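Report on the structure given below.
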Amino acid sequence: MDLCLVSRETKEGGRIIVEVDGKVAKIRNLKVDGRPDGFGDSREKVVAFGFDYCYWSVNPEDPQYASQDVVFQDLGTEVLSGAAKGYNICLFAYGQTGSGKTYTMLGTPVSVGLTPRICEGLFLREDDCAPLPSSCRIKVSFLEIYNERVRDLLKQSDQKKAYTLRVREHPEMGPYVQGLSQHVVTNYKQVIQLLEEGIANRITAATHVHEASSRSHAIFTIYYTQAVLENNLPLEIASKINLVDLAGSERADPSYCKDRLTEGANINKSLVTLGIVISTLAQNSQVFSSCQSLSSSASDGGDSGVPSSPSGTSSGRGPSQRQSYIPYRDSVLTWLLKDSLGGNSRTIMVATVSPAHTSYSETMSTLRYASNAKNIINKPRVNEVRPSSEVLVWYSLHQVLLSFSLFITNWEPDTYSPIYMPWRLCYLSDLLLKGRDFSNISVYQNHLERL
């Protein structure tokens, strides 16, 4: 969780109602001025929320102040570590307009945010791993979701046809954007150029809360692929890093024009759907955990003499709870983040809030969402692409051919030459060319070992 007080709130005399105590954020509900005596509960209420990290970013001169580098050391390094191991990673900032989401994710030229630092870390890690028998390939894409439509921020197109990209879903790879451009990058400078190009194309507008408010959700994706050798065999490890800057939620202002009202309605729709998905996933995770606890208790107390009902539920209890439906497809945002929310991904949520008393309701809502998100159980796995048996045979034969070529090049008449080597090479080549069955790969490996 990250706290930030903007200049507008300072000028308006905003009183700080949030404090950070280690990994706990506490928010006070101040007595509303002018409330009649005896109307409801006029006492100050303090609600505490526990998180993995809490950052105080209100006053740079405060000893508790957390700089961008501190946030990166805690969160950014975790993203890099997971990506290097082959996990999908998602890091997204959630909070009200003007609370510091874009500043946290992208930063400024003076104070660089998480996204540029993570990109720089990937290339530094690649340089550090250069002596190892591995090679890396990095591609990036940048899209925005505006009024529930997807636009490629890195592709010049006709304005009328800018939002024609469609979201599809692959049975194994999950949701993706059809036609989204992917750009191969070989150094940090190229990434920053693409990032700046996408930011310049992103839609912003002035609102009563923020002078340059992001009116769209932006997803910067890094495709990080490593080719390594494991037991002298080729192996590909692929990870996808989603860095998401969400548009901020805010109340509609009657003075807004039609476009601003439409934008706000679609932003709030997607954020409400995101909240519903987070809450439903949290409830399902709790149900799953409780069912596991009941199963372990039943197995431990199997001889306790307590009979079980024929339907599989214990006597005296109702039917087992079913997991609720998760409405991923109710918005484009949640559909694209399907894997990141409860799927094959390690996910980090940065909740940005304002500590001013004028933002009490929005701050409480953000903290509750973040608290719910903590209960979600994802199922991340290492994304390994292992070659098929046929590819393994081809690879082994290729290695032998290289060795034999070297042997012929350096062969001298007085040196012993195994005349059976060419015969075995021809035999294996004949089998490969005829498309034989490679299910029993040990037969071919045996021939290769005897070469």
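The values are calculated or read from the model by the stated rules, or taken from the named source; none is laboratory data. Just so you know, these numbers come straight off a predicted model, no measurement behind them. Backbone-built Cβ (ideal geometry, glycine too); neighbour counts: all protein chains shown. Surface areas here come from the heavy atoms of the whole protein model, side chains and all, with no ligands, DNA or RNA. Shrake-Rupley method; radii C 1.70, N 1.55, O 1.52, S 1.80 Å.
Things to note:
- Wholly enclosed strands (runs of 3 or more DSSP E) of region 52-155 bearing at least 2 residues open to solvent by 10 Å² or more (accessible area, probe 1.4 Å): 134-146, 149-152
- One residue alone among Thr225, Thr204, Thr186 is at pLDDT 70 or above, open to solvent by 40 Å² or more (accessible area, probe 1.4 Å) and among the β-branched types (Val, Ile, Thr), and that residue is Thr186.
- Look at (1) open to solvent by less than 50 Å² (accessible area, probe 1.4 Å); (2) modelled with pLDDT under 85 and you find that Ile219 fails only one, number (2).
- Inter-residue pairs, beta-carbon under 6 Å, first in the same structural domain as Lys374 (by TED's automatic domain parsing) and in region 47-67, second acidic (Asp, Glu) and surrounded by fewer than 19 Cβ atoms within 10 Å (Cβ to Cβ), 6+ apart: Tyr53/Asp74
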